[in-house]
1. When the Karplus curve 6.51 cos²θ - 1.76 cosθ + 1.60 is applied with θ = phi - 60°, which whole-Hz ³J(HN,Hα) does each residue of the stretch A:85-90 get, with x for Gly and Pro?
2. Mean residue ellipticity at 222 nm from the helices of the protein assembly as shown, using -39,500 (n - 2.57) per DSSP H segment of n ≥ 4 over the full residue count, to the nearest 500 deg cm²/dmol?
3. Kindly put B:56, A:60, A:121 in sequence by how many other C-beta atoms sit within 10 Å of each C-beta, fewest to most.
4. Over all residues in B:9-20, what is the mean tally of Cβ atoms on other chains that come within 10 Å of each residue's Cβ?
5. Set Lys and Arg Cβ to +1 and Asp and Glu Cβ to -1, take the dipole of chain A about its Cα centre, and tell me which of A:103, A:92, A:81 lies farthest positive.
6. Under 1.5 on a/c is rounded, so check that first for the stretch B:19-59, then, if it is not, pick prolate when a/b is larger than b/c and oblate when it is not; a ≥ b ≥ c are the square roots of the alpha carbon gyration tensor eigenvalues.
7. Might you report the magnitude of the Cβ-based charge dipole of chain A about its Cα centre, with Lys and Arg at +1 and Asp and Glu at -1, to the nearest 20 debye?
8. Could you tell me which of rounded, prolate or oblate describes the protein assembly as shown, using a ≥ b ≥ c as the square roots of the eigenvalues of the alpha-carbon gyration tensor, with rounded for a/c under 1.5 and, failing that, prolate when a/b is larger than b/c and oblate otherwise?
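Every read-out reported here was derived from the displayed coordinates using simple, explicitly stated rules and does not represent laboratory data. Just so we're clear, the structure is a prediction, and the values are computed from it rather than from any experiment. Don't worry about glycine lacking a Cβ; one is built from the backbone with ideal geometry, like all the others, and counts go over all protein chains shown.
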Amino acid sequence: MRYSQKGMSTEENKNAVAAKGWVYLPLLAGWLVPGAGHFLLRKWGRGALIAASIVGMYGLGIAMQGKLYSGAHDILDILGLVGDLGNGLLFVVSRLLGLGADQVQVTTADYGTRFIVVAGLLNVIAAVDAHNLRTGRKS
Amino acid sequence: MFHPSHFAAVVLFALFASVVFGITQRSTPRGMVRYGIYCFVLFVGAAIVLSWLMFLIAR
């Protein structure tokens, strides 16, 4: 950094500010709250789009009466539960509020179940992306 | 309650997944948009092609 750029709002200085703090914080925050990992790194646009996509997908899944996996009875249930857990706090709050269906009874509920699982998997991808931004593996 | 048609569900799924794929798999804004559109077209296009294949096989 040139001396004349010290303290200015250059890209280098912004990255230096974003790189402060615990290295796994964006990963954890991004998992718990969709888009939060990118917000911590001041990637406002990316974070907003990720949050809108994942919360939108999850919300539509719930609106379609999708099933929230609660236990692991067989291998497919385990995989579904793992996918659901990727939604972080969305999943926990939904379970506490009793949202989602216990059993799939209509076709759209089956779509909804997949929406919820895939929203969780996309959230994990987004959280890992935030971690890669934090460590400098991605710009 | 929300009851989309199968095709509407495919389009919504493709839209949300493509946005996240575009942002996470590319570094530049231009690359993100291009890759997001590419994924969206592949999602929806594959669904249409497979649907027609299943329709023709089932006849």
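1. 5, x, 6, x, 5, 4
2. Working: 9 runs with 140 residues, N = 198.
When only DSSP H runs of four or more count, the value is -23500 deg cm²/dmol.
3. Values: B:56 8, A:60 21, A:121 17.
Lowest count first: B:56, A:121, A:60.
4. On the way: counts 9, 1, 0, 5, 8, 0, 3, 13, 7, 1, 9, 15.
Average per residue, whole number: 6.
5. A:92
6. prolate
7. 900
8. Here the protein assembly as shown falls in the oblate category.
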